[in-house]
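See below for the structure under consideration.
The values are calculated or read from the model by the stated rules, or taken from the named source; none is laboratory data. Since the model is a prediction, treat every value here as computed from it, not as a measurement. When we count neighbours, we look across all protein chains shown, and the Cβ atoms used for this are built from the backbone with ideal geometry, even at glycine. All accessible areas refer to the heavy atoms of the entire protein, side chains included, with ligands and DNA or RNA removed. Shrake-Rupley method; radii C 1.70, N 1.55, O 1.52, S 1.80 Å.
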Amino acid sequence: MKRAIGGLALAGVMVFYASLALGQIGRTEITKWQYGKRGAVSLTYDDGSINQFRVAVPIMDRFGFPATFFIITGDIPGSQYHGTFIGRPTKAIIAETAKIPTNKDNFFERASAIGYLGYQGTLDYHTRAGELYDEGKNLEQAYRLLDEAYAKVRQGRFAPTKPPGSPSDQNVIGWDELLELSHRYEFASHTVTHPRLAVLDDANLAYELEKSREDILNHLGFRHTFSVECPYGTENGRSVRAALLRYQLARNHMPDENVEDLDRGNNKDPLASDKEYVRWQRGPLTETPMALMKSWVDKTAEQDHLWLVLVFHGVDGIGWKPKTGAELKDYFGYINSKTGALWVATFQDVGKYIRERRRATVSSFQDGNAISVVLRSDLSDLSYDLPLTLKTSVPKTWRQVRVSQGGRTTNIAVVEAKDDHYALYQAVPNAEVVTLSEFAEPAQ
């Protein structure tokens, strides 16, 4: 006999309660975090400098931690796409600068081209003008900076670009090695050349985002085309919108209505948010005290709505604002001591879980001596493939539960809380019905 258990919609998750006759048996919910944890932590690295792999990866492997690496694809030997200018002949642009000052109508084109004129030192003008524009400091100064650069080009004051040399194998990681790591780490785009996206014109903005994705797809596979970080942590709306047209998740901005985004420069207390989730980015730099770094972990473990996204750059003297290997060992050991409360996962997986949970419904019914659970999702994007964690109340007489979904079966111990006995398990949305039944160890 099947007895349905009634339902109540709450924050996008269907929580089902047993009838009075059944008590709490069969009540099922999708836990806020994977494995029923209290919070989530993602270790992320920018730029792909060599010691992230030579030093940080072995430390993370020791603790079994996953991580996400945002890589500059044009820097990797064997990439198909490298820095270039997409547009009209640069000689025509240079000639035009002698007659028409930089203004709002030609700024993006000139900022896109300045680094690709064949001279040393011009790319720095792109970066400096981009900073002035992106951070809203002084637009007129950005215009004059480009005018200065192009005047120097016309006057022959820059030396020609030298032919690229062959990088030392010790200082550069290749696609083959990244492929070996890709089975336990996430790789994501940090664009082709790490430009100031906010000052690129549409064609060059698209090139940086699309060609980086294409190289990652061709070398590492579709799973690694999910996430992107636009360089310099830009929150420029045009740049971020362009990124989200090509990737499902950006570290720069998460537009989901149930998530509050606090970037590295935001000093708002995440506990003041009334959103269901807070994506809280913190950047451990050379000067960041270990006590402060550990306090971020403590706060995340003590709450139930925080996703701590840690952003590392340099490691052991290589890269921007590096942390030492000894510091990483200490810090990751501390995070490991908190894994009873914290889910350590890739940037991609936490983003997926939040979205899948919001778009899922769960229903349950009693089927004889078993409990059947149906998990459904209306997400049509097949890249959302992460199992969700379900929590189902079971009879107090059960000590172990057999959980079956399709051909997958596992036996788990019942969690005995003060007011509830429940099974905590994973299930795949839109797959077969999940069946829970009492399991007893065979007599010896």
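For this structure, a couple of remarks:
- Qualifying residue in the range 174-182 (condition: of a type in the set (D, E) and over 30 Å from R62 (Cβ atoms)): no
- Residue that is nearest to A142 (Cα to Cα), among those in the range 88-100 that are in a loop (DSSP other than H, G, I, E, B) and either free of Cβ contacts under 8 Å to residues at least 40 places away in the same chain or open to solvent by 80 Å² or more (accessible area, probe 1.4 Å) (or both): I100
- Flag if D176 is open to solvent by 20 Å² or more (accessible area, probe 1.4 Å) and under 24 Å from the mean Cα position of the chain (by Cα): yes
- Some residue of the range 133-152 being over 15 Å from F107 (Cβ atoms) and at pLDDT below 95: yes
- Here H194 clears all of (1) under 21 Å from V350 (Cα atoms); (2) in a loop (DSSP other than H, G, I, E, B); (3) touching a strand residue (DSSP E or B) at 6+ places or on another chain (Cβ under 8 Å); (4) in contact (Cβ under 8 Å) with a residue 40 or more places away in the chain except the condition numbered (1).
- Failed condition for Y425, given (1) open to solvent by 40 Å² or more (accessible area, probe 1.4 Å); (2) within 13 Å of Y35 (Cα to Cα); (3) of a type outside the set (A, V, I, L, M): (1)
- Residue check for F158: aromatic (F, W, Y), farther than 29 Å from R264 by Cβ and in contact with a Gly (Cβ under 9 Å, 6 or more places away or on another chain): yes
- Of all the criteria given as (1) open to solvent by less than 10 Å² (accessible area, probe 1.4 Å); (2) within 25 Å of G48 (Cβ to Cβ); (3) touching a residue at least 24 places away in the same chain (Cβ under 8 Å), the one not satisfied by G283 is (1).
- Subset of the range 302-324 [open to solvent by 10 Å² or more (accessible area, probe 1.4 Å), over 22 Å from Y277 (Cα atoms) and outside any loop (DSSP other than H, G, I, E, B)]: I318
- For the range 397-422, the candidate set comprises residues that are polar (S, T, N, Q) and in contact (Cβ under 8 Å) with a residue 24 or more places away in the chain; within that set, the residue that is least open to solvent (accessible area, probe 1.4 Å) is Q405.
- Within the range 283-295, the presence of a residue that is of a type in the set (A, V, I, L, M, F, W, C) and either within 26 Å of E356 (Cα to Cα) or touching a strand residue (DSSP E or B) at 6+ places or on another chain (Cβ under 6 Å) (or both) is excluded.
- Restricting G78, G115, G74 to residues that are in contact (Cβ under 8 Å) with a residue 40 or more places away in the chain, closer than 26 Å to L209 by Cβ and surrounded by fewer than 18 Cβ atoms within 10 Å (Cβ to Cβ) narrows the list to G78.
- Within the range 384-396, the residues that satisfy the criterion of being within 24 Å of the chain's Cα centre (by Cα) and surrounded by 14 or more Cβ atoms within 10 Å (Cβ to Cβ) are Y384, L386, P387, L388, T389, L390.
- Taking residues in the range 251-275 that are in contact (Cβ under 8 Å) with a residue 60 or more places away in the chain and among the polar types (S, T, N, Q), and partners anywhere that are open to solvent by 20 Å² or more (accessible area, probe 1.4 Å) and part of a loop (DSSP other than H, G, I, E, B), the pairs with Cβ atoms closer than 9 Å and at least 6 places apart or on different chains are N258/A11; N258/G12; N258/K275; N258/E276.
- Scan of the range 206-251 for residues that are part of a loop (DSSP other than H, G, I, E, B), open to solvent by 10 Å² or more (accessible area, probe 1.4 Å) and in contact with a helix residue (DSSP H, G or I) (Cβ under 7 Å, 6 or more places away or on another chain), ordered by number: N236, R246
- Filter result (farther than 19 Å from F365 by Cβ and either outside any loop (DSSP other than H, G, I, E, B) or polar (S, T, N, Q) (or both)) within the range 412-444: I412, A413, V415, E416, L424, Q426, Q444
- The number of residues in the range 197-232 that are among the small types (G, A, S), within 19 Å of Y45 (Cα to Cα) and free of Cβ contacts under 8 Å to residues at least 60 places away in the same chain comes to 0.
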